[in-house]
């Protein structure tokens, strides 16, 4: 396939998807072109859109690529759609940060770090599709394990979890909290909260 046609096809496929699309997913569709060549085309497109200074760019996010409007254009887009920017409460942001930096993590561990009951906040984050259940911890009671979702990376504009900013004070916080031991996790005890029984 000629380069200019390949670039158009890649651009069109990314444009046609609401979710981020990876180079591998594009290679599965364009089977005559290897993934590394498709990645090179994506890199070219990414630079071209940056140089154009238009209202949107090609963005590396959540393990794939997606066309996104520039942040300074957002107020006009929200106004045109009559939308209010989505906001998270301080409790939700705290809980989300704890999950992001400790995942997979139990609700009991989240509550030890925050110092408050967090089932409603965790449930809210799941409803917002920022957090998901990824399994159960192998201790008595088998509490649920929570982790951030691909949607979390999209919302916060990160290509992967390695892009999380460092938290130097995180070690100090963790040293103040006793590590979970078998049978001592708060979620291993009977609970009336339905979320822990999922």
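Nothing in this text is a laboratory measurement; each read-out follows from the coordinates by a stated rule. Predicted model, so just to flag it, every value in this text is computed and none were measured. Note that we place each Cβ from the backbone using ideal geometry, even for glycine, and neighbour counts take in every protein chain shown.
Brief remarks on what is shown
- Subset of the stretch 129-141 [surrounded by fewer than 20 Cβ atoms within 10 Å (Cβ to Cβ) and in contact (Cβ under 8 Å) with a residue 24 or more places away in the chain]: 133, 134, 135, 139, 140, 141
- Taken over the stretch 1-29, the criterion of being exposed (fewer than 11 other Cβ atoms within 10 Å of the Cβ) and within 23 Å of the chain's Cα centre (by Cα) is satisfied by 16, 18.
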